[in-house]
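The values are calculated or read from the model by the stated rules, or taken from the named source; none is laboratory data. Given the structure is predicted, the values throughout are model-derived calculations rather than measurements. No Cβ is skipped: glycine too gets one built from the backbone with ideal geometry, and neighbour counts run over all protein chains shown.
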Amino acid sequence: MDRDNPTLVLAQLRAFSKQIPLLYAILIANTAFVSLTHFGVAPFYLTVLLPGFFCCIAALRLSGWWRMRKSRLTVEQAARRLTSTVYLAGALGIGFTFWGFALFPYGDVYMQSHVIFYMALTMIACVFSLMNLRAAAYILSCVVIVPFLIFFSLQGHMVLTAIAANMALVTAVMLFILTTHSRDFALMVSQREYLEAVNRETQRLSDDNRKLAHHDSLTGLPNRRSFIAQAEARVNEHLAGSGRNFALGIVDLDGFKAVNDLYGHSTGDALLVEASRRMRDIAGPDIIFARLGGDEFGIIAGEKVDLPAFGRTLCEVLRQPYELQDVTAEVTSSCGFAEFGDHCSTTHELFEHADYALYQAKDKAGGQTVVFSAAHRDSLRQVHEIDQALRNADIERELALVYQPVVDTRTGRLASVEALARWRNESLGSINPAQFIAAAEKTSLINRITNVLLRKLLLDLGQWPSDLTASFNLSARSLASPDAMLQIVNIIQRSGVDPRRIEIEVTETALMIDFEAAQRSLVMLRNLGVRIALDDFGTGYSSLSHVHELALDKIKIDRKFVGDMSNSPKAASVVRTVIDLCGNLSLVCVAEGVETVEQADSLGLQGCHLVQGFLYGRPVPARDVAAMYVARRPGPGRALPKSRRKSG
Ligand code: C2E
Ligand code: CA
Ligand code: CA
């Protein structure tokens, strides 16, 4: 028995527990028949006592094996059981054999034949049943066949000697077959064991895969794919009439990018893990969280959840400081919810609505929750209409540029103009550029629009005095695309206009989408002689280090800060900081959205003399620019018109 091979031992025991009861049953039955034929002829102890004793042992073993059929033994117990079977097979073999010899002299030839027949057949049956335990089969064959051969050869009768020889031959063949069989059995067991191991491994891998496919490996939350699948399942249940109402939410961490950039990705990761832990803590049976990617998380909330209240709790929980490795970080979050129901009928729409609500939430100050409403639906519909109309628009004809003056408050002169896009569509009327530019940026249509508008600007510049410069707004998408940039450079070079008369305005947000690509684009433009202005400064996220790294000429203070300057100390301090920053870095500073004389005065006192805003003029068509230039040019012997007197 191979004790080092536990699987084989257990397999032998299993095969055995089925065969051994049969072995004992046949042994008992055959013995009983021989006892019966010899009863009265042979002595009582040979026909009843001795066989009765052996059969009792056999019966006990039989019931033992029978009871054991279903129990699970340890390898040690199984090995002990098999060892005892080996010894018992030897002992019982000897016992029954010598009982046969003792009976043989009694009775007639038929009875003698019965004894020989009994011994031979019972042995074959027993060896056959012991096939899976080679040791037991060998021992049994030896203890029976050797005495059998000797005993019957010594009887001095040809027929008996021949029977003994036959038996020896049969046993030899049987042992040979048994040896091969037990080898095959061991092989089969080891192969099965191997296959089971392979199966287990395959199962483990597929479990891992399933987990990976459905979970986010960083946070352990369900991933985007699984989130969409769950949302889809609920929508389908709903459409089939069996589901309950539910809402889909999207949460976005505001300020996470700053943590990532400032402290590194491992700190950023730790923050995400902690944020997900907090989400799990407040996720009741009615709420499922998932990580959609980056710092964006998804929520599926049951119909009973009070969305605004839950959103407030969530934002509050996420706003608590994060104690990470060796820093304490803080982020806020915005949350948008959309309920499945009246406003939408597909998962896609539901996502779009939640996304729109999130967008609205982000537009407010951080830490807000917005639930998609009927009003949102109307404005979203308008977005779609714009999208559609833009695709079908005759860009060349429908798009135009208007120009807003940038004035130097010290001289009242026109410093430059900013080109602003206008779109008049036959069915939709005039559309706000903030809206259609955003729509165009979703597709490569923005590149066509940029090219068309840039050509128009260059044509206009060619008509104006050669010292008048103009700025042009460049979209985030163009800035990140080397292809689009090459087209832009090409258009400028072929126009014949001096590139130094062109200024390109880029926003911080646009720069941050792909900082390296944006930087390359800016260098390319700068090499051409084009100047670069950073637009809407202060609204997006950009660290001062980025401003240092960029090839900039000018910073434009966003109109929001200029507008709030007088009543918000925070806005006033941003304005002051930007003006100081420009002074330190020798950058030109322009204030946008100047609407009152007070604002212009305050900016002038702080050292910002270039201003743009309704106080100095609204955007005008190209044909009015030349007149504007002349009006603001100091004529000989003419006092400079004080802009404020003029507009105020
Ligand atoms: P922006 O680059 O910040 O442009 C200035 C916006 O402020 C203009 O709005 C202008 O009309 C407005 N504005 C000027 N002075 C005042 C003021 O005193 N008070 C107030 N409240 N607003 C003032 P507009 O023309 O609607 O443009 C909105 C935005 O659309 C622009 O913001 C710019 O980001 C984008 N945009 C406009 N034209 C283009 C373009 O040709 N290409 C690209 N990529 N974006 C453009
Ligand atoms: Ca601008
Ligand atoms: Ca601006």
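If you go through the range 413-464 and keep only what is of a type in the set (S, T, N, Q) and more than 10 Å from ligand 1 (Cβ to nearest atom), you end up with Ser416, Asn425, Ser427, Ser430, Thr443, Ser444, Asn447, Asn451, Gln463. Scanning the range 550-565 for residues being within 18 Å of Arg501 (Cα to Cα) and within 11 Å of ligand 3 (Cβ to nearest atom) gives a total of 2. Scanning the range 510-533 for residues that are within 15 Å of ligand 3 (Cβ to nearest atom), basic (Lys, Arg) and in contact with a strand residue (DSSP E or B) (Cβ under 7 Å, 6 or more places away or on another chain) turns up nothing. When Pro105, Pro147 are checked against the criterion of being surrounded by fewer than 12 Cβ atoms within 10 Å (Cβ to Cβ) and modelled with pLDDT of 90 or more, Pro105 stands alone in meeting it. Output yes when any residue across the range 496-511 is over 20 Å from Lys554 (Cα atoms) and part of a helix (DSSP H, G or I), and no when none is. No, the range 496-511 contains no residue that is over 20 Å from Lys554 (Cα atoms) and part of a helix (DSSP H, G or I). Among the residues in the range 466-476, are any part of a helix (DSSP H, G or I) and either within 16 Å of ligand 2 (Cβ to nearest atom) or closer than 14 Å to Asp553 by Cα (or both)? Yes, the range 466-476 contains a residue that is part of a helix (DSSP H, G or I) and either within 16 Å of ligand 2 (Cβ to nearest atom) or closer than 14 Å to Asp553 by Cα (or both).
Condition first: in a helix (DSSP H, G or I), outside the structural domain of Arg623 (by TED's automatic domain parsing) and away from ligand 3 (no atom under 16 Å from the Cβ). Can you find one or more residues in the range 396-408 that meet it?
No, that holds for no residue.
Within the option set Arg526, Arg520, Arg501, being closer than 23 Å to Val590 by Cβ, among the basic types (Lys, Arg) and touching a helix residue (DSSP H, G or I) at 6+ places or on another chain (Cβ under 8 Å) holds for one residue only, Arg501. Restricting attention to the range 492-502, does a residue exist that is under 23 Å from Arg413 (Cβ atoms), within 16 Å of ligand 1 (Cβ to nearest atom) and either small (Gly, Ala, Ser) or buried (at least 20 other Cβ atoms within 10 Å of the Cβ) (or both)? Looking through the range 492-502, at least one residue is under 23 Å from Arg413 (Cβ atoms), within 16 Å of ligand 1 (Cβ to nearest atom) and either small (Gly, Ala, Ser) or buried (at least 20 other Cβ atoms within 10 Å of the Cβ) (or both). Of all the numbered requirements in (1) more than 16 Å from ligand 2 (Cβ to nearest atom); (2) over 47 Å from the mean Cα position of the chain (by Cα); (3) surrounded by 20 or more Cβ atoms within 10 Å (Cβ to Cβ), Leu459 misses one, and that requirement is (3). Condition check for Leu248 on (1) over 22 Å from the mean Cα position of the chain (by Cα); (2) surrounded by 13 or more Cβ atoms within 10 Å (Cβ to Cβ); (3) not in a helix (DSSP H, G or I): one failure, at (1).
Matching residues to (1) under 22 Å from Phe33 (Cβ atoms); (2) more than 60 Å from the chain's Cα centre (by Cα):
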{"residue": "Ala89", "(1), (2)": "yes, yes"}
{"residue": "Asp108", "(1), (2)": "yes, yes"}
{"residue": "Asn132", "(1), (2)": "no, no"}
{"residue": "Tyr138", "(1), (2)": "no, yes"}
{"residue": "Cys142", "(1), (2)": "no, yes"}
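Scanning the range 171-221 for residues being surrounded by 13 or more Cβ atoms within 10 Å (Cβ to Cβ) and of a type in the set (Phe, Trp, Tyr) gives a total of 1. Between Ser190, Ser113, Ser182, the distinction of being closer than 22 Å to Val34 by Cα and at pLDDT below 95 belongs to Ser113 only.
Quick one: which helices (runs of 4 or more DSSP H) lie wholly within the range 134-239 and hold at least 3 residues that are closer than 30 Å to His343 by Cα? Once the helices (runs of 4 or more DSSP H) in the range 134-239 are filtered for at least 3 residues that are closer than 30 Å to His343 by Cα, what remains is 224-239. Taken together, the residues in the range 433-481 that are away from ligand 3 (no atom under 16 Å from the Cβ), farther than 24 Å from Asp624 by Cα, aliphatic (A, V, I, L, M) and in contact with an Asp or Glu (Cβ under 7 Å, 6 or more places away or on another chain) amount to 2.
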